[in-house]
Each structure stands twice: as C-alpha cells, then as structure tokens.
Amino acid sequence: MTLVEINFDGLIGPSHNYAGLSHGNLAATRNAGAISQPRAAALQGIAKMRANIALGLTQGVLLPHARPNHRWLASLNTDYATASLPLKAQALSASAMWAANAATVSPAPDTADARCHLTVANLVTMPHRSHEWRGTLAQLRLIFANPAFAVHPPVPAPFGDEGAANHMRMADRHDAPGIEIFVYGVSGGGFPARQRIEASEAVARGHRLDPARTLFVEQSEAAIAAGAFHNDVVAVANGPVLFAHEQAFADKAGVYAALLERMPSAQIVEVPASAVSLDDAITSYLFNAQLVTLPDETLALILPEEARANTRVWSWLQTMIAGNGPIRRLEVVNVRESMANGGGPACLRLRVVADPATIDPRFLVDDALLDHLAAVVETHWPETIDPTAIGDAALINQIERAHAALLDTIGVTNAEAVGLIDSLPSS
Ligand code: SUG
C-alpha cells in the first residue's frame, strides 16, 4: 500500500459568478457585481491541474454541485422563479469549487483505527455555503467508498467548520504519523470568525486523533480583520515545513514551541510583516500557494500570478529561493477568475493522503480526462454571467444542461446522480 498526497481540485462550475456573498472576504466584496467568465474560470482550473500533473503530482477532481440548489430553496418554501434575488444568488453559487472547504482530512497514519478520516465541513457561517454539505457528503462517499476511508457528516450548527482551510498536517513523510494543527478564530475587526474551536475539537475526536499529536491554535484577530477569513490565506504546511506570516496566529511563540516540542524536525519559514504586510499577503495570496513535495522530495510553491505581480512579495520569494531554505522551487499559475472571489490555488484543492488504488478511478485525472473535461466546458459552460441577470431562465437552463453533460462525461450513473444532484427536479 503506497500512501501519496492526492490533490483533488474542485472543477469550477458553470454558475461561477460575482454576487459578493462572503462578508469578510475582501476580494469577493470588491468584485461584487462584476461580470464573471465561468468558461475561462474552469479552463484556468483545468490548466492548473495539468501543470500539477506535469510536475509529477497525483491529481484528482471534485465535481461542481448541481446549481441552483432546488432542494435547499424548497426547504425555504420557495423556488428559483419566485425566490428573492439574494436567495437566488445563494442557491446558484458555484462556491463548492473551493475544495479546501469541502472537508477536513486526517490520513491513516494519524488515526487510531488506521483509516483515512474525512469530515464534511458544515460551512454554516455563510448562507450560500451552508447548503454545500449534502452534495459534498454524497460525492465524498462515492469517491472514498473503500473501507480504507471513513467519511463523516458535518458537525452540527452553530459550530462553524470550514474544513481543510483551517487545518494543517505536518509529517516527516506523507506516510508517517503526523501532527495535526486545527486553527480556529474568535473575532476579527467585525468580520465573522468562521471556524469555531468546538467544531475543530469535534472533528479531531471523530477522526480518532492522538491528543498528544494534535494542536488547537487561535488565528490572530489582526489576520481576520485584514481579510484572512481562513487560515490558509496566512499559513500553509506540508511535510516538515510550516510556511506562515508573522501575524497568522494569536500566540505565534506558543504555536512554534508546541510544534517543535512534538516534532523537533519541523522547519518554520516565517515571513516578517516588515517584508510583506498582512495586506500584501492577503491581496497576493502568497500563503494560498500549494506547498507540495515533488517526486525528487524537494518542496515547491504553486503560487497565483497575483503573487508575482506584487513586487514586495515577489522579491521576498526571490530572496527565499536564493537562500538555503526547504522550499526550492516556485511555479506560477493563472487562477484569476477564482482569485477575484477570494479563492487561490490552495483553496481550489483538497489534499488526501491515500493509496490511489483505493479511490474511485473516475475521480483521478490524467491529461486525457482533462481533455474531455475541457471539451465539456468549452461546449457547455456560459461564457459570462452578469450577477444581475441570474433570473434569466435560459441561463439557468444552460447551467443545468452543462452539469448533466459533465456527469455524463465522468460516467456517473443515474442512481449516483440522484445523490450528487441534491436537488428536487426543476420541473
Ligand atoms: O468562502 N468565496 C469563498 C472563497 C473560499 C476560499 N477558500 C479558502 N480560503 N480555502 C468564501 O468566501 C465568494 C462567492 C460570492 O461572493 O459570490 C465566496 O464564496
């Protein structure tokens, strides 16, 4: 059994639009009302997956959810035609693309029963995300049906849980026992803290983690106030390396000491505020890079173009690479459409350390499958969406046909589609 890290990227759905639904997510708020490009967005995501495969990484895909979510609207005693514009936007959101918020994952070497545990995030803080969990649960149960996995439903409201975006795992090797770090928020400049400690603790118990190798860490108020609505906007970890902004945590000295005590081999790469301010870190998404281990065991950062465009961030990165640190390579990807809604390269992926042989092969991608996905996107995804025009029946029809064409391409059966679609028929 070979455990490897698999990055499951959320394929950007045909309803991707800028409705400005996420209070505290400054990029999304800034772009509210802009015209989105769902087709270009999905192709950017596919290009990122291709680039990761070319680096020798194992790549998976999570499918967009059926939108609008008719079942959710029905539970609110309305339907898409008669719902208010805000409810329409919430029901139509393509936010399931940000796979880092799909679930928290604890690989088998960390758990008492040696299974890989996944807990679906409840995402209760934001209405448009609060109805993702059913579709996510159905999809994860399909992909990870093998007994090597335990897929758990979300922890209950009101304890907000945002999944892997607020969770980091460090280990000397992917297949060795690791340290799991859960990052929760308390408050931040009037913005909601989306991750509650009660949720993090519940997930850790459900995953049967060793308390001696589990840390619960508070995100700094300053980071939340500056727009870091998830920890993965100010810190990322992989292998023995923690890459973090100086102001990411409420008590950084305590965090670093607790980590080093449990994992003396841990390496902390801290970016000082004097070199990169929180604002620069958040607008450039420096820390929303994918920090990955390449086949030659060196570490690389997969960064958004916005990080290269920021001269302070880029010059800090150049200095880092010129030094003797553990991160040896920088790769730049264009995920602009997702970035404009506050989702960088790391938001778009869920990491699962597992044996690929235990995973439903329809969800593991190679270049040939990506060619098929790109063809479906080119044919069916809307070119643009104006968020004031989401009442247009022809647009909704196109979005629903696009999703059906995708399920067909992946080879999802009708019976499986019922669970995935998570909606009442629109007719
Ligand atoms: O939850 N944006 C997402 C971005 C999630 C980024 N994920 C991570 N950091 N892991 C969010 O705020 C914007 C949708 C809109 O406004 O229409 C949105 O939901």
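Any read-out appearing in this document is the output of simple, stated calculations on the displayed coordinates, not a laboratory observation. If you're wondering where the values come from, they're calculated on a predicted model, not measured in any experiment. When we count neighbours, we look across all protein chains shown, and the Cβ atoms used for this are built from the backbone with ideal geometry, even at glycine.
Some values worked out for this structure:
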read-out: Amide hydrogen neighbours beyond the local backbone of H65, cut-off 5 Å, H modeled; value: A96
read-out: Pairwise label distance in nanometres, E383 with H23, each label 7 Å out on the Cα-Cβ vector; value: 3.7 nm
read-out: For segment 281-294, 3J(HN,Hα) per residue [Karplus equation, 6.51 cos²θ - 1.76 cosθ + 1.60, θ = phi - 60°, Hz, x = Gly/Pro]; value: 4, 7, 6, 8, 6, 3, 8, 8, 6, 8, 9, 10, 9, 7
read-out: Karplus-derived HN-Hα couplings along segment 211-219 (A = 6.51, B = -1.76, C = 1.60, θ = phi - 60°), whole Hz, x at Gly and Pro; value: x, 5, 10, 10, 10, 10, 10, 8, 6
read-out: E297/A322 FRET efficiency (R0 25 Å; Cβ-Cβ; nearest 0.05); value: 0.75
read-out: Stretchable slack from R213 to S315, in nm (0.36 nm times residue separation minus alpha-carbon distance); value: 33.2 nm
read-out: Amide H contacts of V271 (H built 1.01 Å from N, under 5 Å, at least 5 apart or other chain); value: A244, H245, E246
read-out: Theoretical gain in end-to-end length, R308 to A404 [0.36 nm per residue, Cα-Cα removed]; value: 30.8 nm
read-out: Segment S265-R336, extension gain: residue separation times 0.36 nm, minus the distance between their alpha carbons; value: 22.0 nm
read-out: Dipole magnitude of the chain, debye to nearest 20 (Cβ charges: Lys/Arg +1, Asp/Glu -1, about Cα centre); value: 300 debye
read-out: MRE, 222 nm, helices only [DSSP H, n ≥ 4, -39500 (n - 2.57), over the chain, to nearest 500]; value: -9500 deg cm²/dmol
read-out: Burial ordering of T358, T283, T311, fewest other beta-carbon atoms within 10 Å first; value: T311, T358, T283
read-out: Loop-located trypsin sites (Lys or Arg not before Pro) in segment 248-356 whose Cβ has at most 13 other Cβ within 10 Å (DSSP); value: none
read-out: Per-residue ³J(HN,Hα) for segment 88-103, Karplus 6.51 cos²θ - 1.76 cosθ + 1.60, θ = phi - 60°, Hz, x for Gly and Pro; value: 4, 4, 5, 6, 9, 3, 8, 4, 5, 4, 7, 5, 4, 9, 6, 6
read-out: For the chain: relative contact order, % (alpha-carbon pairs under 8 angstrom, 6 or more apart); value: 24 percent
read-out: Shape category assigned to segment 296-384 from the gyration tensor of Cα positions, a/c cut at 1.5; value: oblate
read-out: Charge dipole (the chain, unit charges on Cβ, about Cα centre) - positive-most of A368, A32, T293; value: A32
read-out: Rounded FRET efficiency, nearest 0.05, which uses the C-beta distance separating A393 from D172 and R0 of 41 Å; value: 0.15
read-out: Charge-dipole axis of the chain as Lys and Arg at +1 and Asp and Glu at -1 on Cβ define it, positive-most pick from L76, A225, H117; value: L76
read-out: Computed label-point distance, nm, for sites T2 and D367 using a 7 Å Cα→Cβ extension; value: 2.0 nm
read-out: Cα-Cα separations in segment 4-420 greater than 27 Å, expressed as whole percent; value: 46 percent
read-out: Global geometry of segment 124-214, whether rounded, prolate or oblate, following the gyration tensor of its Cα atoms and the 1.5 cut on a/c; value: oblate
read-out: Cut-off under 5 Å, modelled amide H: who pairs with A150 long-range; value: C116, H117, L118
read-out: 20 Å reach of a label modelled at S187, 7 Å along Cα-to-Cβ, counting backbone N of segment 214-240; value: 217-231
read-out: Sparse-neighbourhood loop sites, GluC sites (Glu not before Pro) in segment 291-352 - DSSP loop, at most 11 other Cβ within 10 angstrom; value: E297
read-out: Packing rank of 397-410, 117-130, where each peptide gets the mean count of other beta carbons within 10 Å, highest leading; value: 117-130, 397-410
read-out: Cα-based helix-to-principal-axis angle, 252-262 vs the chain, degrees rounded to 10; value: 80 degrees
read-out: Shape category assigned to segment 14-150 from the gyration tensor of Cα positions, a/c cut at 1.5; value: oblate
read-out: Paramagnetic label zone (point 7 Å from Cα along Cα-to-C-beta, R205; backbone N under 19 Å) in segment 177-191; value: 180-185
read-out: Inter-part distance where segment 74-93 and segment 381-422 are each reduced to a Cα centre, Å; value: 16 Å
